[in-house]
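Trainee: Quick one: this structure, given as structure tokens, is what I'll be asking you about.
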Amino acid sequence: MGLLINIDNGGTLTDICVIDGAKVHHTKTITTPYDLSKCFFEGLKKASVTLYGEERLVDLLLATDHIRYSTTQGTNAIVEKKGPRLGLVVAAGDDTAGLTATGATADMFSVLVGSRLQQIDLGLEGEAFDAALVAAVNALTNGGANRIVIAFGAGDYRAAEQRVKKAILRKFPRHLLGVVPTLCASDLVDDSDTVRRTWSALINAFLHPAMENFLYNAEAILREYKHQNPLLIFRNDGDSSRVARTIAVKTYGSGPQGGMEGARALATHYGFKRLLTMDIGGTTTDIGLVEGGQPRASRRGEVEEIEISFPLADIVSVGVGGSSILKVVDGAIKVGPESAGGAPGPACFGLGGTKPTITDVFLLAGLIDPATYFGGAMSLDRARAEAAVRSEIADPLGISLEAALAAAEKAWVAKIADSLKDFAEIDEDTVLAAFGGAGPFVVTAIAEAAGIEQVIIPGLAAVFSAFGIGFSDIAQGYSRFVGTGEGTVLSKAVEELTAQATRDMFAEGFALADCRLDWTLARESGNDGAAIAWAPGTPVPAVCAGADDLVLGLRAVRAINHAKMVNGAAPPKSVAGSTGGRQMTLPGEGAATLPVHRLEDQPAGAEATGPCILEEAFFTARIGRGWHFDVNSNRDTLLARSH
């Protein structure tokens with residue numbers, strides 16, 4: 001069995017995990033948004049050094065079975081609204097008001113489509129139809145459209161969309177220079193809700209070019225370095241597929257989904273009833289919930305408050321992270337949502353940033369040790385951090401530097417704790433999972449503010465979303481609206497989806513006979529109806545009887561190697577070893593010297609009680625007074641509060 005590489009490309013940092021059997025090697029590199037291939041390959045080079053002690057990228061890639069990758073590029077493109085200009089073709093008489101019925105849809109429509117909207121009379125035939133279609137396409141391209149989406153309303157929309165697409169290809173064949181790509185909404189997803197289907201297609205078309213250019217470029221460079229297998233893209237449905245079989249909209253939010261897959265594995269392994277997840281990166285805190293062993297999700301996800309046809313994990317991103325800018329507004333400290341990112345980064349990075357962040361605060365308070373931060377590979381400038389905190393926080397509030405540090409931490413903790421409480425009800429079964437590079441920083445303070453008594457810091461907390469990607473398989477999913485599920489309709493849909501899965505899995509490199517097929521039936525109406533397992537050739541389940549809005553689902557799965565979690569007897573307890581003490585300033589307590597427990601040096605079963613510092617190469621955690629921690633065989637740290 002070869003190596004597995006998981007890469008999570010975030011807005012500030014790019015995380016890399018190399019899974020070698022029971023061992024996991026991990027590292028980080030700063031994200032280069034101007035050229036994502038740069039941080040992609042810098043991360044792989046650093047991973048080879050971690051594994052071999054020297055840079056041996058070709059050896060690493062030759063020894064690797066699969067590279068699974070997730071990127072924030074699609075998410076960032078939507079947030080920043082940077083992408084192609086789209087043209088939309090609808091049927092004459094279609095009501096398009098629903099596309100702009102909310103503030104969110106109206107704003108997005110004005111950016112993506114604007115005035116580039118044309119109607120086609122589907123009642124026309126022959127030359128009249130062709131002339132109307134050519135006029136519509138010319139109007140869209142003259143208006144600046146460089147991609148066209150076709151989306152029709154009620155009736156046999158699939159056949160109508162295909163008719164127009166074929167006519168466009170006939171009049172504007174693909175071999176001509178400058179031909180504008182065309183997408184039928186029903187090619188992407190079969191959803192009888194016209195507004196939802198149209199928005200799914202528009203967002204996908206908007207994301208497609210940037211994702212295509214970068215991912216194919218990355219795959220081409222991998223081939224130059226002798227990697228044998230296709231690059232796998234981790235998607236927001238928790239599965240992976242090669243670039244050529246990935247639709248752009250399913251890359252949206254894929255990074256946080258990696259964290260949820262890891263959290264699902266944690267909850268299952270430890271038997272947590274409710275695992276509330278807190279993934280704090282440089283720019284955002286992503287919050288999710290695993291309950292009953294399943295991540296909380298919506299059958300119809302939302303992209304920037306716009307409902308789409310695909311399911312998405314229920315993850316809330318809050319604008320607060322390790323690089324969130326702190327400033328005084330109306331006499332109070334405001335945290336984010338603006339972020340210094342990785343470049344210029346916090347003031348202490350010395351890369352041009354002048355605004356204070358919580359990273360600067362924790363450096364000045366003594367929690368961050370410049371000698372060990374970021375694996376010791378980054379120098380930190382204390383003087384720049386102090387200048388930023390004094391000028392932007394202490395002086396405007398008229399308080400001392402020490403008071404400013406305490407006030408900044410309190411504001412940062414409160415924003416995260418309030419977001420946790422807004423997202424989920426906190427009860428005695430709630431366990432908080434803290435991960436991301438900034439997640440463990442002051443996790444016990446956040447837990448106390450949120451009313452949570454139990455915490456877990458995964459051993460791979462700093463790269464946990466990348467680690468979570470390692471639980472995915474290669475899979476493709478499909479759906480088809482089948483109405484009442486009447487026999488011939490249902491059997492035809494089964495035949496069509498099976499043929500589609502056969503083609504796609506063959507392109508992934510597998511015969512369908514070697515894949516697991518998961519068939520389901522679900523009501524299309526509503527957002528919380530559970531899909532019911534079903535087998536072709538059997539009656540429609542009783543719970544679906546009488547419904548006229550059934551959707552047939554198929555997921556074709558080819559299992560590949562996963563990350564592993566250790567089972568076995570609990571290790572014997574021992575006192576956690578300390579590498580010495582660290583002087584720091586505790587909010588409300590002043591100067592103190594806290595013992596430092598290096599996670600890598602602790603045997604399974606090591607335990608200690610706060611206040612203390614728990615640290616590894618890429619994260620630091622201050623354990624509060626009254627909290628007890630122990631390290632288990634998985635290198636996960638379990639914390640409980642005593643009273």
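Trainee: What pairs come up if the first residue lies in the stretch 333-354 and is at negative phi and polar (S, T, N, Q), the second is assigned to a strand (DSSP E or B) and modelled with pLDDT of 90 or more, and their beta carbons are under 7 Å apart, counting only those six or more places apart or on different chains?
Mentor: SER339/SER324; SER339/ILE325
Trainee: From (1) in contact with a Leu (Cβ under 7 Å, 6 or more places away or on another chain); (2) free of Cβ contacts under 8 Å to residues at least 40 places away in the same chain, pick out the condition that doesn't hold for GLY155.
Mentor: Looking at each condition in turn, GLY155 falls short on (1).
Trainee: Applying the selection to the stretch 599-629, what residues are among the charged types (D, E, K, R), out of contact with any Gly (no Cβ under 7 Å at 6 or more places or on another chain) and more than 18 Å from PHE435 (Cβ to Cβ)?
Mentor: Within the stretch 599-629, the subset among the charged types (D, E, K, R) is 600-601, 607, 615-616, 622, 625.
Still in the running and out of contact with any Gly (no Cβ under 7 Å at 6 or more places or on another chain): 600, 607, 615-616, 622.
Listed by number, the list holds a single entry, GLU607.
Trainee: Take the residues in the stretch 262-300 that are assigned to a strand (DSSP E or B) and free of Cβ contacts under 8 Å to residues at least 24 places away in the same chain, then tell me which one is farthest from GLY103 (Cα to Cα).
Mentor: This residue is GLU291.
Trainee: Related question: Considering only the stretch 173-190, I want to know if a residue exists there that is in a loop (DSSP other than H, G, I, E, B), not charged (D, E, K, R) and not assigned by TED's automatic domain parsing to the domain that holds GLY98.
Mentor: Within the stretch 173-190, the subset in a loop (DSSP other than H, G, I, E, B) is 173-181, 189-190.
Within this subset, residues satisfying the condition of being not charged (D, E, K, R) are 173, 175-181, 189.
Now narrow it down to the ones that are not assigned by TED's automatic domain parsing to the domain that holds GLY98: none.
Checked the stretch 173-190: no residue is in a loop (DSSP other than H, G, I, E, B), not charged (D, E, K, R) and not assigned by TED's automatic domain parsing to the domain that holds GLY98.
Trainee: Of the conditions (1) in contact with a Lys or Arg (Cβ under 8 Å, 6 or more places away or on another chain); (2) more than 30 Å from ALA244 (Cα to Cα); (3) exposed (fewer than 14 other Cβ atoms within 10 Å of the Cβ); (4) of a type outside the set (Ser, Thr, Tyr), GLY546 satisfies every one except a single condition; which number is it?
Mentor: Of the numbered conditions (1) in contact with a Lys or Arg (Cβ under 8 Å, 6 or more places away or on another chain); (2) more than 30 Å from ALA244 (Cα to Cα); (3) exposed (fewer than 14 other Cβ atoms within 10 Å of the Cβ); (4) of a type outside the set (Ser, Thr, Tyr), the odd one out for GLY546 is (1).
Trainee: Could you list, in sequence order, all residues of the stretch 238-252 that are in contact with an Asp or Glu (Cβ under 9 Å, 6 or more places away or on another chain), under 24 Å from GLY437 (Cβ atoms) and assigned to a loop (DSSP other than H, G, I, E, B)?
Mentor: GLY238
Trainee: Looking at (1) surrounded by fewer than 21 Cβ atoms within 10 Å (Cβ to Cβ); (2) assigned to a helix (DSSP H, G or I), which is the one condition that is false for GLY123?
Mentor: Failed condition: (2).
Trainee: Here is a follow-up. Output the residue which, of all residues in the stretch 334-367 that are assigned to a strand (DSSP E or B) and crowded, with 22+ Cβ neighbours inside 10 Å, is nearest to the chain's Cα centre (by Cα).
Mentor: Ranking the qualifying residues of the stretch 334-367, first place goes to SER339.
Trainee: For the stretch 60-82, which positions are closer than 19 Å to LYS226 by Cβ and within 18 Å of the chain's Cα centre (by Cα)?
Mentor: Those that are closer than 19 Å to LYS226 by Cβ and within 18 Å of the chain's Cα centre (by Cα): ILE67, ARG68, TYR69.
Trainee: Separate question: For the stretch 301-328, give me each residue that is part of a strand (DSSP E or B) and either closer than 27 Å to GLY103 by Cα or hydroxyl-bearing (Ser, Thr, Tyr) (or both).
Mentor: Scanning the stretch 301-328 gives GLU302, VAL303, ILE306, GLU307, LEU312, ALA313, VAL316, SER317, VAL318, SER324.
Trainee: Starting from the stretch 564-587, keep only residues that are outside the structural domain of GLU615 (by TED's automatic domain parsing) and assigned to a loop (DSSP other than H, G, I, E, B), then list their pairs with residues that are exposed (fewer than 15 other Cβ atoms within 10 Å of the Cβ) and modelled with pLDDT under 85 whose Cβ atoms are within a distance under 8 Å, requiring at least 6 positions of separation or different chains.
Mentor: LYS564/GLY21; LYS564/ALA22; VAL566/ALA22
Trainee: Name the residue that is nearest to the chain's Cα centre (by Cα), counting only residues in the stretch 628-643 that are closer than 21 Å to ILE280 by Cα and of a type outside the set (Val, Ile, Thr).
Mentor: My answer is ASP636.
Trainee: Shifting gears a bit: Conditions: (1) touching a residue at least 60 places away in the same chain (Cβ under 8 Å); (2) part of a loop (DSSP other than H, G, I, E, B); (3) surrounded by 15 or more Cβ atoms within 10 Å (Cβ to Cβ); (4) touching a Phe, Trp or Tyr at 6+ places or on another chain (Cβ under 7 Å). VAL551 meets all but one. Number of the miss?
Mentor: Every condition holds for VAL551 apart from (2).
Trainee: Now for a separate question. Would you please name the residue that is modelled with the highest pLDDT, looking only at residues in the stretch 197-247 that are surrounded by fewer than 24 Cβ atoms within 10 Å (Cβ to Cβ) and among the hydroxyl-bearing types (Ser, Thr, Tyr)?
Mentor: For the stretch 197-247, the residue satisfying everything is THR246.
Trainee: When ASN229 is evaluated against the numbered criteria (1) touching a Leu at 6+ places or on another chain (Cβ under 8 Å); (2) among the polar types (S, T, N, Q); (3) touching a residue at least 60 places away in the same chain (Cβ under 8 Å), which criterion, by number, is the only one it fails?
Mentor: Of the numbered conditions (1) touching a Leu at 6+ places or on another chain (Cβ under 8 Å); (2) among the polar types (S, T, N, Q); (3) touching a residue at least 60 places away in the same chain (Cβ under 8 Å), the odd one out for ASN229 is (1).
Trainee: Kindly evaluate PHE506 against the criterion of being under 24 Å from the mean Cα position of the chain (by Cα) and of a type in the set (Phe, Trp, Tyr). It would help to see each step written out before you state the result.
Mentor: Working: under 24 Å from the mean Cα position of the chain (by Cα): no; of a type in the set (Phe, Trp, Tyr): yes.
Criteria not met by PHE506.
Trainee: Right, another one. Out of all the residues in the stretch 9-46, which are among the charged types (D, E, K, R), in contact (Cβ under 8 Å) with a residue 40 or more places away in the chain and touching a helix residue (DSSP H, G or I) at 6+ places or on another chain (Cβ under 6 Å)? Spell out how you get there, then give the answer.
Mentor: Taking the stretch 9-46 as the starting set, the residues that turn out to be among the charged types (D, E, K, R) are 15, 20, 23, 28, 35, 38, 42, 45-46.
Of the ones still in play, those that are also in contact (Cβ under 8 Å) with a residue 40 or more places away in the chain are 15, 28.
Result: ASP15, single match.
Trainee: Is there any pair with a first residue in the stretch 406-420 that is over 12 Å from PHE362 (Cβ atoms) and a second that is in a helix (DSSP H, G or I) whose Cβ atoms are under 6 Å apart and which are 6 or more apart or on different chains, and what are they?
Mentor: Once the first residue is over 12 Å from PHE362 (Cβ atoms) and sits in the stretch 406-420, its partners that are in a helix (DSSP H, G or I) give ILE416/ILE446; ALA417/ILE446; ALA417/ALA449; ALA417/ALA450; LEU420/ALA450.
Trainee: Please indicate, with yes or no, whether at least one residue in the stretch 299-308 is farther than 19 Å from TRP199 by Cα and not polar (S, T, N, Q).
Mentor: So far as the stretch 299-308 goes, no, none of its residues is farther than 19 Å from TRP199 by Cα and not polar (S, T, N, Q).
Trainee: Moving on to the next point. Outside any strand (DSSP E or B) and more than 26 Å from ILE426 (Cα to Cα), is that true of HIS208?
Mentor: The answer is yes for HIS208.
Trainee: For the stretch 166-178, state whether one or more residues are in contact with a Ser or Thr (Cβ under 7 Å, 6 or more places away or on another chain) and in contact (Cβ under 8 Å) with a residue 60 or more places away in the chain.
Mentor: No; the residues of the stretch 166-178 include none that is in contact with a Ser or Thr (Cβ under 7 Å, 6 or more places away or on another chain) and in contact (Cβ under 8 Å) with a residue 60 or more places away in the chain.
Trainee: Name every residue in the stretch 211-237 that is over 17 Å from the mean Cα position of the chain (by Cα) and not in a helix (DSSP H, G or I), in order of residue number.
Mentor: Residues of the stretch 211-237 that are over 17 Å from the mean Cα position of the chain (by Cα), as a first pass: 212-214, 216-231.
Once the filter is applied, which keeps residues that are over 17 Å from the mean Cα position of the chain (by Cα) and not in a helix (DSSP H, G or I), the stretch 211-237 yields TYR225, LYS226, HIS227, GLN228, ASN229, PRO230, LEU231.
Trainee: Taking ALA132 as the residue in question, decide whether it is within 14 Å of THR194 (Cα to Cα) and either outside the structural domain of ALA205 (by TED's automatic domain parsing) or surrounded by 12 or more Cβ atoms within 10 Å (Cβ to Cβ) (or both).
Mentor: no
Trainee: Continuing with this model, one more query. Here are some residues: THR105, THR75. Which one is assigned to a helix (DSSP H, G or I), surrounded by 14 or more Cβ atoms within 10 Å (Cβ to Cβ), modelled with pLDDT of 95 or more and of a type outside the set (Gly, Ala, Ser)?
Mentor: Residue meeting the stated conditions: THR105.
The values are calculated or read from the model by the stated rules, or taken from the named source; none is laboratory data. Not measured: the values here are computed from a predicted model. Methodologically, a virtual Cβ is constructed for each residue, glycine included, from the backbone with ideal geometry; neighbour enumeration extends over all protein chains shown.
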